[in-house]
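Have a look at the structure below before the remarks.
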Amino acid sequence: MTDQLRRCVRRVAGPGGSAEGDVSAGFAICTSSLQRGGYLKPGTNQPTFRGALRAAALSKQAEHASAMDEYEQMLARIRKHRAARSKRPMRGAANRTSSFSAYLQAGLAPTTVREACERLQPLREALEDVFACDTAYGDCKPDRPSAGHCFLASMMVQDLFGGQILSGQVNFIPHYWVRVNGIEVDITGDQFNKPKVQAKKGTLYKDGTPFVRRPQERLRQGGNARVMSLYDRLRKRLLPVLRKNGQDAIAARIGAMK
């Protein structure tokens, strides 16, 4: 009830109140008013039961008002932050594409795990639109479309960043991935219930054996004619998807092979 009395005094003795500038008069007016209303016991500043209930209700209102004030302040901070961000250089898809284009033109490969994952994510997203049984080398698994595409995807990663294709086994199944700048990356790991895009400093899968191929090189020996036929088919379908997604730099790099 003390808070209610104080609020009343501030209102009555404050600017524009009936006892403006006179706190004592304001206190007397408020005490008398609260006593008449049954909120204070006659001749005292002690709250009645009704007064205690009223004080509790006002306290809840004050808490709610305080919470709403904090909420509005939070919204104001968010708006201010967004306004500041809108004035910074764009960090959306178009800007990432521009940055990636310069990155590829400079012939630079990722140097950190985070950078590798960020750079490979657009390629993997586009591949998901074109993975199919007629481009899989090996078993086709409709529930895991990346299966049978690990070697083709690894060639694409190598054509983007260079590095060395590695071969080995995962869960006793032949598999291919790439090592570049000491980082091993795999963009078809989901066929083994692993993340779609993986990158790790050092060894991603044990016992990886180098597969001899240079970036942008067409494989012509042995049984590689079928591999290159599948790779060409996959690239032909992938390039328009990349361009549609605004990933012209990746499309140019992957499409550079004759």
The answer for the per residue Cα convex hull volume of region 127-258, in Å³, is 109
Using the 10 angstrom Cβ neighbour count as an exposure proxy, how do V227, V185 rank, fewest first?
V227, V185
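With a 10 Å Cβ neighbour count serving as the proxy for reagent exposure, in which order, fewest first, do D190, D139, D159 appear?
D139, D190, D159
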Evaluate E = 1/(1 + (r/R0)^6) for I173 and M228, where r is the Cβ-Cβ distance and R0 equals 25 Å; express this FRET efficiency to the nearest 0.05.
0.65
Counting other beta carbons within 10 Å of each residue's own, what order do C150, C117 fall into, fewest first?
C117, C150
If the chain between N181 and K141 were fully stretched, how many nm would it gain, using 0.36 nm times the residue separation less the Cα-Cα distance?
11.2 nm
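Readers should treat all values here as calculations from the given coordinates under stated rules, not as data from a laboratory. Keep in mind that this is a model prediction, so the values were computed, not measured. Neighbour counts are summed over all protein chains in view; Cβ atoms, including those assigned to glycine, are modelled from backbone coordinates with ideal geometry.
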